[in-house]
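Scroll down for the structure; my scribbles are underneath it.
The values are calculated or read from the model by the stated rules, or taken from the named source; none is laboratory data. Predicted, not measured: the structure shown is a model, and the values here were computed from it. Virtual Cβ from ideal backbone geometry, glycine too; neighbours counted across all protein chains shown. Keep in mind that these areas ignore ligands, DNA and RNA; they rest on the heavy atoms of the full protein, side chains included. Shrake-Rupley method; radii C 1.70, N 1.55, O 1.52, S 1.80 Å.
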Amino acid sequence: MGKTLLDKVWETHRVATLPSGEDQLFIGLHLIHEVTSPQAFAMIRERGFKVKHPERTVATVDHIVPTDTIGRPLQDDLAEAMLKALEENTSAEGIRFFSWGSGKQGIVHVIGPELGLTQPGMTIVCGDSHTSTHGALGAVAFGIGTSQIRDVLATQTLAVSKPRVRRINFIGKAGPGIYAKDYILALIARLGVKGGIGYAYEYGGPAVEALSMEGRLTLCNMSIEGGARCGYINPDTTTVEYLRGRPYAPQGAAFEKAREYWLSMASDSDAVYDDVVTIDVSALEPMVTWGITPGQGMGVTERLPDPERLGEEAELARTAYAHMGLEPGKPVLGTPIQVAFIGSCTNGRLSDLREAAAVLKGRHVASGVRALVVPGSEQVKAAAEAEGLDKIFTEAGFEWREAGCSMCLAMNPDRLKGNELCASSSNRNFIGRQGSARGRTMLMSPAMVAAAAVRGAIADVREFLP
């Protein structure tokens, strides 16, 4: 019987099977940031421990970062305290820390792949739910809590139960205006936000093989929004060529040796899966969420669903309609927006900015719309500026910001006000997620956000493409 990538990685990293039935896994890479690590460092100090493998731990600052200006101390006292704690802890333990001005700072799930820290066959953890992003390179990666961060810092291992594997086949050829963000929103709309509980998602099929690495990162990023423990894509030539020459990837002869190992970790052709789901991307249209979970999504030309036809999801739909101010049966097209946000660990990479800029070139943001574009890292920002993308954005009326998580969540100054409705390229649309209890969020691709910003309302990006 063939093995999946999850089987191979699990067997390679299993240290022991514990009396609880969980496996003790060795963790190849531990990514930390300023929000979830201070308590964990305090815990190991209380026990007299040191970080077991500081060389396998990498830190950056992202969640609390102000993106309009960089200056110390931060205006938010709690944010400043978090940042100082991270600086002190990484310095004391000899941990690499990519802070402002290093040229390598950014959202943790953006810098890991772009620096070559993320590699196929690895186990990767981080105190952040969207760690599943790194599975795009063939790693088994998932988010952990503070007590688990403590355990990894102290032992470089983690007690965890092995999930089942659901194979998600994306077939067909995507039409114009359809991106990886549409793939994953369509999947979550179909299976629900709890559909992946107990599973790892293995994404494959010709439509996935055709994606760039950055598209694959978007796809895996939102696995957690579908309830999956992690999501991954088997390493292939695209993976190898993406890693070639990256600062922390192997170099020279070591790279060729690593290449052989990486490709060997892909699932066997006769691997057995616990479940298989198939989605034809040629039938997709641009997706947009209308409610208060990522699973409440629909094609942009569809009409808003009738709660009475949603079964056990009916009450949640009614709550969503009450919050969003939308009505069943009405089109989602034309829904007015007040804010447009392009960025996040889901869609803050260079290709995302290129796609949005292609829509914005020669156009301007509608009157009354506040529009922000926030690169996912300092490297993305520099590359975008080298291509002149920043000028396209600013000439169109967008604010061009520094790297950070920004308006994905309310831990920095970038927040919604009152009941503003935001067209967002981020990953969550929960009530209050963007900083206002009455604020409303509609998730979509960066190109769709750009189209909505120009129209001043939810629009079909296909109308803006050549």
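I need the calculated FRET efficiency for the pair residue 47 and residue 395, taking r as the beta carbon distance and R₀ as 56 Å, to the nearest 0.05. Given R0 = 56 Å and the Cβ-Cβ separation, E is 0.50. Under the combined filter of DSSP loop state and at most 15 neighbouring Cβ atoms within 10 Å, the range 21-97 retains these chymotrypsin sites (Phe, Trp or Tyr not before Pro): 49. Take every Cα pair under 8 Å whose residues are at least 6 apart in sequence, average their separation, divide by the length of the chain, and the relative contact order is 17 percent. Between the amide H of residue 441 and those of 422, distances stay under 5 Å, these residues lying 5 or more places away or on another chain, with hydrogens modeled in the peptide plane. When 363, 190 are compared by accessible surface with a 1.4 Å probe, the order from highest to lowest is 190, 363. Between residue 210 and residue 272, the C-beta separation translates, for a Förster distance of 35 Å, into a calculated FRET efficiency of about 0.85.
Listed values for the range 10-21 are Karplus-derived 3J(HN,Hα) couplings in whole Hz (6.51 cos²θ - 1.76 cosθ + 1.60, θ = phi - 60°), namely 4, 5, 5, 9, 6, 8, 6, 9, 7, x, 5, x, and x replaces Gly and Pro. Per residue of the chain, the DSSP helices (runs of n ≥ 4 H) give a summed -39500 (n - 2.57) that works out to -9000 deg cm²/dmol at 222 nm.
Using all pairs of distinct alpha-carbon atoms, the Kirkwood hydrodynamic radius of the range 120-245 works out to 14.8 angstrom. Determine the shape class of the range 337-411: with a ≥ b ≥ c the square roots of the Cα gyration tensor eigenvalues, call it rounded for a/c under 1.5, and otherwise prolate if a/b is greater than b/c, oblate otherwise. Note, shape of the range 337-411 comes out oblate. Under a 5 Å amide H cut-off, with hydrogens placed 1.01 Å from N, residue 399 pairs with 371, 372, 373 among residues at least 5 apart or on other chains. Across the range 255-357, C-alpha contacts under 8 Å between residues 6 or more apart give a mean separation that, scaled by the residue count, equals a relative contact order of 18 percent. Taking the square roots of five times each eigenvalue of the Cα gyration tensor of the range 153-216, the equivalent ellipsoid has semi-axes of 28, 15, 11 Å, listed largest first. Counted over the chain, the DSSP beta bridges are approximately 25% antiparallel. Normalising the average separation of contacting C-alpha pairs (under 8 angstrom, six or more residues apart) by the number of residues puts the relative contact order of the range 145-226 at 39 percent. Stretching the chain fully between residue 236 and residue 385 yields a gain of 50.6 nm (0.36 nm per residue, less the alpha carbon separation). Note on residue 463 and residue 261: with the Förster distance fixed at 35 Å, the Cβ-Cβ geometry gives a FRET efficiency of about 0.15. Charge tally around residue 362: other residues with Cβ under 13 Å, Lys/Arg +1 each, Asp/Glu -1 each, net +2.
Going through the range 274-365, which GluC sites (Glu not before Pro) have at most 16 other Cβ atoms within 10 Å and a DSSP loop state? Filter output for the range 274-365: 302.
Just check the range 374-461 against the gyration tensor rule for me: Cα atoms, a ≥ b ≥ c as the square roots of the eigenvalues, rounded for a/c under 1.5, and otherwise prolate or oblate depending on whether a/b exceeds b/c. It is oblate, given that a/c is not under 1.5 and a/b is not larger than b/c. Shape descriptor for the chain: Rg over Rh equals 0.95 (Cα atoms; Rh from the Kirkwood inverse mean 1/r). In terms of distances greater than 28 angstrom between alpha carbons, the cross-link table entries 257/381; 8/381; 84/162; 381/417 yield 257/381; 8/381; 84/162. Going by a ≥ b ≥ c, the root eigenvalues of the Cα gyration tensor, does the range 37-143 fall in the rounded group (a/c under 1.5), the prolate group (a/b larger than b/c) or the oblate group? Here the range 37-143 falls in the oblate category. Normalised by residue number, the volume inside the convex hull of the Cα atoms of the range 188-306 is 135 Å³ per residue. Within the same chain, lysines fewer than 8 places from residue 361 are excluded, and of the rest, those with a Cα less than 17 Å from its Cα are 391. The label point for residue 319 and the one for residue 302, both projected 7 Å from the Cα toward the Cβ, are 2.1 nm apart.
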